[in-house]
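Asker: Can you keep this structure in mind? I'll have questions shortly.
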Amino acid sequence: MNPAPEPSLLTFLPLISVGVIFAIPAYILAVEKGRNPWKWVILCLIPLVNIFCIWYFVGTPSSRLERKIDELLKAQGRSVEP
């Protein structure tokens, strides 16, 4: 009877590569949307969590653009409250 092989780095290579594939767009989207990019990169390195992180970014409005719109509305004297 042969003993079970010990897990090596090669067994985790697919998970690591998928995590990196999700982390790159997460960094770009976080910077674009005005969020903390390193927090989202770390979250996207976690398997299964990374899918939900990308979905979150697709549906989240840009906080930088919201601030610019609020400034324009204040400059026109309009209410910023929803």
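The values are calculated or read from the model by the stated rules, or taken from the named source; none is laboratory data. Worth saying up front: this structure is predicted, and the values here are computed from it rather than measured.
Asker: Can you find a residue that is within 9 Å of the chain's Cα centre (by Cα) and either at pLDDT 85 or above or not hydrophobic (A, V, I, L, M, F, W, C) (or both) anywhere in region 6-23? It would help to see each step written out before you state the result.
Answerer: Restricting attention to region 6-23, the residues satisfying the condition of being within 9 Å of the chain's Cα centre (by Cα) are 22-23.
Of the ones still in play, those that are also either at pLDDT 85 or above or not hydrophobic (A, V, I, L, M, F, W, C) (or both) are 22-23.
So far as region 6-23 goes, yes, one or more of its residues are within 9 Å of the chain's Cα centre (by Cα) and either at pLDDT 85 or above or not hydrophobic (A, V, I, L, M, F, W, C) (or both).
Asker: Let me ask something additional. Among (1) closer than 29 Å to I16 by Cα; (2) modelled with pLDDT of 85 or more, there is one condition V58 misses while meeting the rest; what is its number?
Answerer: (2)
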